[in-house]
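As structure tokens, the structure follows; a few thoughts come after it.
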Amino acid sequence: MREPQLLSRRRRIIRAFSGARAYDANAAAQAAIAERLAGLVLESAVPSGAVALDMGCGTGALAERLLAGGSFSGYLCADISPEMLARARSRLNSLGLAARQRTWFAAMDAARPALTPRFNLAVSSMALHWAADLGAALRGLWEALLPGGRLAVAIPGEGTFQAWRDAHQRLGLPCGLQDFPSAAQLEAQLAALLPERASITQETFPLRAARAVDLPRHLKAVGAFVPRPGHSPLPPGDFRAVLRELDRAMRQGAAIEYRALFALADKPA
């Protein structure tokens, strides 16, 4: 039964992100995380003429920043959602970035990339956590790198939307958010791949939310509302109770925020 369930979840994720037509208008936190990841990459002096893989490129926020700041001989934008990929293509074409530096686009699942080692840089911003197996997704990027290449990823870390989880817990209700790894857990997954220790940092990015209901609205708008496997939606009464509990917590200072983990690692030459 496991494989059909995974396939069903995969289709739901594709449908959710393909339907997120107002993504960019509601993805300020994702854009800020992409900006930070791009800064970390460009600070590391990516060699001129590098070939890059951007897995889970979404609407192209990370690609825009890297193509504008670096000099690439090739840049592959890959995403599980063909509609997201089309928006990335439109964005980069409108800015003239796709034409100025050779850029191509491919619909691809991060869990099964099936890429030959041809890249000097493999990046992913806020996408790999949707893969059924985060470790396999990281391995796919690592194996796509040439010797001397660099891996640079950002994913939601432990503590992301903790106030939402806490509201459920205080009411004794199950929370549909998937689990996000701690820095130590991510380091352990990378240690299975890397000959040397990866550099991992965590930073906080607040969500613009005045009321509790702004969180589920945000998740819906950016296509990130598919719950953890096996979770059933709460009855309306219980859902409203969670919103009231979170509103109460927010009045007392609780924040709704992303806690992003940034990991960088170099493949031995």
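Yes/no per residue for (1) at pLDDT below 95; (2) of a type in the set (K, R):
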site	(1), (2)
L193	yes, no
V213	no, no
R217	no, yes
V222	no, no
### Candidate set from the range 143-161 (those that are surrounded by fewer than 19 Cβ atoms within 10 Å (Cβ to Cβ) and of a type in the set (G, A, S)); member that is farthest from I33 (Cα to Cα)
G148
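Residue by residue, here is whether (1) out of contact with any strand residue (DSSP E or B) (no Cβ under 7 Å at 6 or more places or on another chain); (2) surrounded by 15 or more Cβ atoms within 10 Å (Cβ to Cβ) holds:
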| residue | (1), (2) |
| --- | --- |
| A163 | yes, yes |
| Q169 | yes, no |
| A183 | no, yes |
| A221 | yes, yes |
| G230 | yes, no |
| P233 | yes, no |
| R244 | yes, no |
| M250 | yes, yes |
| I256 | yes, yes |
#### Entry: Filter result (at pLDDT below 95 and either surrounded by fewer than 14 Cβ atoms within 10 Å (Cβ to Cβ) or hydroxyl-bearing (S, T, Y) (or both)) within the range 23-46
E43, S44, A45
### Message
I'm trying to understand the selection: among the residues of the range 233-269, which are part of a loop (DSSP other than H, G, I, E, B), free of Cβ contacts under 8 Å to residues at least 24 places away in the same chain and on the phi < 0 side of the Ramachandran plot?
### Response
P235, Q252
### D24 being charged (D, E, K, R), in contact with a helix residue (DSSP H, G or I) (Cβ under 9 Å, 6 or more places away or on another chain) and closer than 19 Å to W142 by Cα
no
### Message
So, in the range 178-229, how many residues would count as being out of contact with any Gly (no Cβ under 8 Å at 6 or more places or on another chain), free of Cβ contacts under 8 Å to residues at least 40 places away in the same chain and of a type in the set (G, A, S)?
### Response
4
#### Entry: Entirely in the range 1-113, the strands (runs of 3 or more DSSP E) that have 3 or more residues that are in contact with a Phe, Trp or Tyr (Cβ under 6 Å, 6 or more places away or on another chain)
50-55
### Query
List the pairs whose first member sits in the range 37-62 and is within 16 Å of G223 (Cβ to Cβ) and in contact (Cβ under 8 Å) with a residue 24 or more places away in the chain, whose second member is surrounded by 19 or more Cβ atoms within 10 Å (Cβ to Cβ) and among the aromatic types (F, W, Y), and whose Cβ atoms are under 9 Å apart, counting only residues at least 6 apart or on separate chains?
G56/W130; C57/F105; G58/F17; G58/Y23; T59/Y23
### Task
State whether the residues of the range 119-133 include one that is surrounded by fewer than 20 Cβ atoms within 10 Å (Cβ to Cβ) and either in a helix (DSSP H, G or I) or over 15 Å from the mean Cα position of the chain (by Cα) (or both).
no
### Message
Checking H231 against (1) out of contact with any Lys or Arg (no Cβ under 9 Å at 6 or more places or on another chain); (2) over 30 Å from R11 (Cβ atoms): exactly one of these is not met. Which one?
### Response
(2)
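Results for (1) at pLDDT 95 or above; (2) over 26 Å from D24 (Cβ atoms), shown as yes or no for each residue.
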site: A209; (1), (2): no, no
site: P227; (1), (2): no, no
site: S232; (1), (2): no, yes
site: R240; (1), (2): yes, yes
site: E245; (1), (2): yes, yes
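The values are calculated or read from the model by the stated rules, or taken from the named source; none is laboratory data. Just so we're clear, the structure is a prediction, and the values are computed from it rather than from any experiment. Positions of Cβ are backbone-derived with ideal geometry, glycine not excepted, and every protein chain shown enters the neighbour counts.
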